[in-house]
Amino acid sequence: MDSKILEYIVAIAKEQSVSKAADQFYLSHPALSRHLRKIEQEYGTALFSRDSDGMHLTKAGIIFINDAQNILRIRNQLEEDLASIRHQQRKMIRIILDKPYYNLFIRHILPQFEKDFPDYFLEISMDNAHQIQAALLAGQADIGIFDTISPQNYQLESFTFRTQNDRIIFPADYSSSTGIQGLRQCLSEGMFFAAHPADSSYRTIIEQQLTAHHIYPAKILEGTVQGCLNQVSAGNTCCIVPESTLPVQNQLLFQVGEIFFCHYSVIAYPKGYKLNVAVQALMKLVILEYA
């Protein structure tokens with residue numbers, strides 16, 4: 001007997017109504033009534049008696065329901081045990097993501113990969129670029145996705161899937177130099193600097209580039225790229241953001257300055273790591289999604 005039928009009968013007993021039980025399974029009243037009649041005909045006895053108060057189990061019905069519930073419990077336990085075994089048998093890929101990549105990876109890449117490769121399990125964690133590279137070198141991760149200004153790491157294999165120019169952004173009414181000298185002057189005069197949160201890789205990259213040019217912002221506002229742009233458009237704030245994040249219509253919001261530096265989005269993995277079919281497919285999904 002189909003275990004689904006047992007669920008139907010148990011639901012009728014619980015609700016004391018065919019209609020209410022049918023609603024749980026998106027069945028029509030007649031369809032569920034036919035399932036019940038077929039079972040009663042098969043066993044040659046009524047499972048329910050009917051009166052104005054609803055449907056009530058007969059003696060045969062009580063025996064049937066008790067046994068049905070036991071069967072369903074055994075089935076559920078069996079499914080859990082088999083699922084646990086399947087999970088243990090799944091091959092694992094350990095992947096570490098730079099924070100800006102995490103949400104998109106979880107929403108789009110992970111579901112597609114799990115659909116295409118059900119025998120694989122992705123162990124996903126998040127960190128900054130420095131810690132990601134350290135984990136890869138220590139054999140604590142298989143794949144890392146992060147931003148860097150140095151795409152070639154001779155201790156790791158890496159593939160650049162996106163290159164971005166990072167531009168200096170000034171308020172719309174700013175009228176002086178839009179290059180490094182202008183940025184230095186603005187900050188020395190007390191202008192705020194809007195930047196990513198301190199624990200992000202992009203913030204680290206920006207700070208490294210600022211230090212290389214002997215620029216040390218005294219007043220820092222933290223936020224997302226959009227938050228930084230909003231701060232600049234409000235005035236008395238400048239920032240550095242990837243060129244690709246700038247809205248098409250920005251002339252009235254802020255002034256786009258010169259390129260300050262270039263950064264790279266890379267996929268990296270330890271030298272000698274085997275790029276099997278599943279890993280190659282994962283990398284292709286990343287490239288298609290982020291490039």
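The values are calculated or read from the model by the stated rules, or taken from the named source; none is laboratory data. Just so we're clear, the structure is a prediction, and the values are computed from it rather than from any experiment. Quick reminder, even Gly has a Cβ in these numbers, built from the backbone with ideal geometry, and neighbours come from all protein chains shown. SASA here: full protein model, heavy atoms, side chains in, ligands and nucleic acids out. Shrake-Rupley method; radii C 1.70, N 1.55, O 1.52, S 1.80 Å.
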key: Test for S49: is it out of contact with any Leu (no Cβ under 9 Å at 6 or more places or on another chain) and hydroxyl-bearing (S, T, Y)   = no
request  = Mind listing whichever residues of segment 244-256 are surrounded by fewer than 17 Cβ atoms within 10 Å (Cβ to Cβ) and modelled with pLDDT under 90?
outcome  = S244, T245, L246, P247, V248, Q249, N250, Q251, L252
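For segment 158-177: of the residues being under 37 Å from the mean Cα position of the chain (by Cα) and farther than 30 Å from V286 by Cα, which is surrounded by the most Cβ atoms within 10 Å (Cβ to Cβ)?
Filtering first and then ranking leaves F170.
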ask   = Counting just the residues of segment 220-235 that are farther than 16 Å from F170 by Cβ and outside any helix (DSSP H, G or I), which one comes out farthest from the chain's Cα centre (by Cα)?
value = I220
query = Does P217 qualify as being part of a loop (DSSP other than H, G, I, E, B) and closer than 30 Å to L282 by Cα?
reply = no
request  = May I ask you to list pairs of residues, at least six apart or on different chains, whose Cβ atoms are under 8 Å apart, with the first in segment 20-39 being touching a residue at least 24 places away in the same chain (Cβ under 8 Å) and the second being of a type in the set (S, T, N, Q) and surrounded by 18 or more Cβ atoms within 10 Å (Cβ to Cβ)?
outcome  = none
inquiry  = Anything in segment 44-59 that is among the hydroxyl-bearing types (S, T, Y) and at pLDDT below 90? List them, or say none.
reply    = S52
task = Select, from I259, I215, the only residue that is at pLDDT 85 or above, farther than 30 Å from G144 by Cα and either buried (at least 16 other Cβ atoms within 10 Å of the Cβ) or not polar (S, T, N, Q) (or both).
result = I215
note = Only one of (1) modelled with pLDDT under 90; (2) assigned to a helix (DSSP H, G or I); (3) open to solvent by 80 Å² or more (accessible area, probe 1.4 Å); (4) closer than 30 Å to H130 by Cβ does not apply to H108, and that is (1)
key: Residues of segment 111-143 satisfying the condition of being farther than 25 Å from H263 by Cα, in contact (Cβ under 8 Å) with a residue 12 or more places away in the chain and assigned to a helix (DSSP H, G or I)   = Q112, F113, D116
ask   = Is it fair to say S33 is of a type in the set (S, T, N, Q) and at pLDDT 90 or above?
value = yes
request  = Determine, yes or no, whether I5 is out of contact with any Cys (no Cβ under 6 Å at 6 or more places or on another chain), open to solvent by less than 50 Å² (accessible area, probe 1.4 Å) and not in a helix (DSSP H, G or I).
outcome  = no
request  = Among the residues of segment 228-258, count how many are farther than 8 Å from A194 by Cα and out of contact with any Phe, Trp or Tyr (no Cβ under 7 Å at 6 or more places or on another chain).
outcome  = 18
inquiry  = Condition (residue is surrounded by 14 or more Cβ atoms within 10 Å (Cβ to Cβ), of a type in the set (S, T, N, Q) and out of contact with any helix residue (DSSP H, G or I) (no Cβ under 6 Å at 6 or more places or on another chain)) applied to segment 279-287: is it met by at least one residue?
reply    = no
ask   = Counting only residues that are touching a residue at least 60 places away in the same chain (Cβ under 8 Å) and assigned to a helix (DSSP H, G or I), which one in segment 180-204 is surrounded by the most Cβ atoms within 10 Å (Cβ to Cβ)?
value = L183
remark   = Going through segment 25-57 in order, the residues found to be more than 13 Å from Y8 (Cα to Cα) and of a type in the set (S, T, Y) are Y43, T45, S49, S52
